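K.L.:
Please find one structure pasted underneath; my questions will follow.
The values are calculated or read from the model by the stated rules, or taken from the named source; none is laboratory data. All of these numbers come straight from a predicted model, not from anything done at the bench. With ideal geometry, Cβ positions are generated from the backbone for all residues, glycine too; neighbour counts draw on all protein chains shown.
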Amino acid sequence: MSKTILITGTSTGFGRDAAETLTRAGHKVFASMRAPETRNRTHAETLRNQKIEVVELNVTDSKSVDRAVAAVIEKAGRIDVLVNNAGVLTTGVSEAFTAEQASALFDVNVIGLHRATRAVLPHMRRQRDGLIVNMGSVLGRVTFPFFGLYGASKFAVEALTESYRYETSQLGIDVTLVQPSAYPTRLFDSATQPADKERTAEYGDLAEIPAAMLQNFSEMLSGTDAPNPHEVAEAVARLIGAPKGQRPARTVVGAAYGADAVNEATEPVQTATIEALGLGHMATLPGTLAKETAA
């Protein structure tokens, strides 16, 4: 069944591929990005040439998010799926990032996701139906040195996604998380570096490690055995096509680095915690448990 889908951060990378993949699958996709008529005009035109609707949306601006969501609803009449894909990467000595840099990172990766979710949920609640797919990372489950701030933002996305999943389940809304590994996209090329060069220098030889790590990732992701980033778009498509209420809470895509083991280990703990609170019913959408039992 064709769905109306809004995706954030579609100028390049996972978001762009998801927009194209889901359009080919027969869905009505609204691909959002910043500055589609100026800085990202070429990217926007490429999508429009594929009959994909492009809307302007800046996840760090609440008014921009609200306008974009309203425009999609006005044009399509509904939003069935929100894919929160927009995100930025930081890498370097954690101490050397300024508070302003940390705030900017969280404004996109966490608060931006929250803004977009808040904007679509009133509509989905009225529909008593909807799906929200959040783009996390394996670094939301395991930690790499020198990726600490980025990982912290993705750990936050884990908690926020889990909470939204419980809170909206009884309203007919599915919330799920995709945890990609490293893939050859422009994310690494655009990674933000620490602004405080003096503090970086005080780490001596240790300060050389982040650049070496990026170089290693770059070589790994440009080799003949490099993982295919299209795997992420395919995972999103499978989640959208899955039966309501039967989607996994988390989906690791690519090299897990142990994130899959963390998912498996924490699932029974989380389930027990929710049941101890007397809220076990919030882990399942109404009606789906009976269907699963009957099957």
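K.L.:
How many residues does region 136-168 hold that are surrounded by fewer than 20 Cβ atoms within 10 Å (Cβ to Cβ), of a type in the set (S, T, N, Q) and closer than 30 Å to residue 286 by Cα?
P.N.:
1
K.L.:
Now a separate question. Taking the options 69, 93, name whichever one is in contact with a His (Cβ under 9 Å, 6 or more places away or on another chain), in contact (Cβ under 8 Å) with a residue 12 or more places away in the chain, surrounded by 21 or more Cβ atoms within 10 Å (Cβ to Cβ) and not aromatic (Phe, Trp, Tyr). Steps first, please.
P.N.:
Working: 93 fails: in contact with a His (Cβ under 9 Å, 6 or more places away or on another chain).
Residue meeting the stated conditions: 69.
K.L.:
Give the residues of region 13-27 that are over 15 Å from residue 59 (Cβ atoms) and either in a strand (DSSP E or B) or under 18 Å from the mean Cα position of the chain (by Cα) (or both), sorted by residue number. Give the steps one after another, and end with the answer.
P.N.:
Applying the first criterion (over 15 Å from residue 59 (Cβ atoms)) to region 13-27 yields 16-27.
Selection gives 16, 17, 18, 19, 20, 21, 22.
K.L.:
Quick one: in region 118-151, which of the residues that are among the small types (Gly, Ala, Ser) and outside any helix (DSSP H, G or I) is nearest to residue 67 (Cα to Cα)? Write out each step before concluding.
P.N.:
As a first pass, look at region 118-151 and keep what is among the small types (Gly, Ala, Ser): 119, 130, 136-137, 140, 148, 151.
Okay, now just the ones that are also outside any helix (DSSP H, G or I), so 130, 136-137.
Details: 130: 20, 136: 25, 137: 28 Å.
Selected residue: 130.
K.L.:
What residue, among those in region 172-191 that are of a type in the set (S, T, N, Q) and modelled with pLDDT of 95 or more, is farthest from residue 160 (Cα to Cα)? Give the derivation first.
P.N.:
Just the residues of region 172-191 that are of a type in the set (S, T, N, Q), to begin with: 176, 179, 181, 185, 190.
Add one more test, that the residue is modelled with pLDDT of 95 or more, and what stays is 176, 179, 181.
Values: 176: 11, 179: 14, 181: 20 Å.
Looking at residues that are of a type in the set (S, T, N, Q) and modelled with pLDDT of 95 or more, I get 181.
K.L.:
Return yes when residue 211 is crowded, with 20+ Cβ neighbours inside 10 Å and of a type in the set (Gly, Ala, Ser) and no when it is not.
P.N.:
Details: crowded, with 20+ Cβ neighbours inside 10 Å: no; of a type in the set (Gly, Ala, Ser): yes.
Judged against the criteria, residue 211 is not a match.
K.L.:
Can you tell me which residue among 149, 131 is under 17 Å from the mean Cα position of the chain (by Cα), more than 20 Å from residue 274 (Cβ to Cβ) and in contact (Cβ under 8 Å) with a residue 60 or more places away in the chain?
P.N.:
Values: 149 fails: in contact (Cβ under 8 Å) with a residue 60 or more places away in the chain.
Of the residues listed, the single one that is under 17 Å from the mean Cα position of the chain (by Cα), more than 20 Å from residue 274 (Cβ to Cβ) and in contact (Cβ under 8 Å) with a residue 60 or more places away in the chain is 131.
K.L.:
Okay, next question. So which residues in region 21-64 are crowded, with 19+ Cβ neighbours inside 10 Å and in contact (Cβ under 8 Å) with a residue 60 or more places away in the chain?
P.N.:
22, 27
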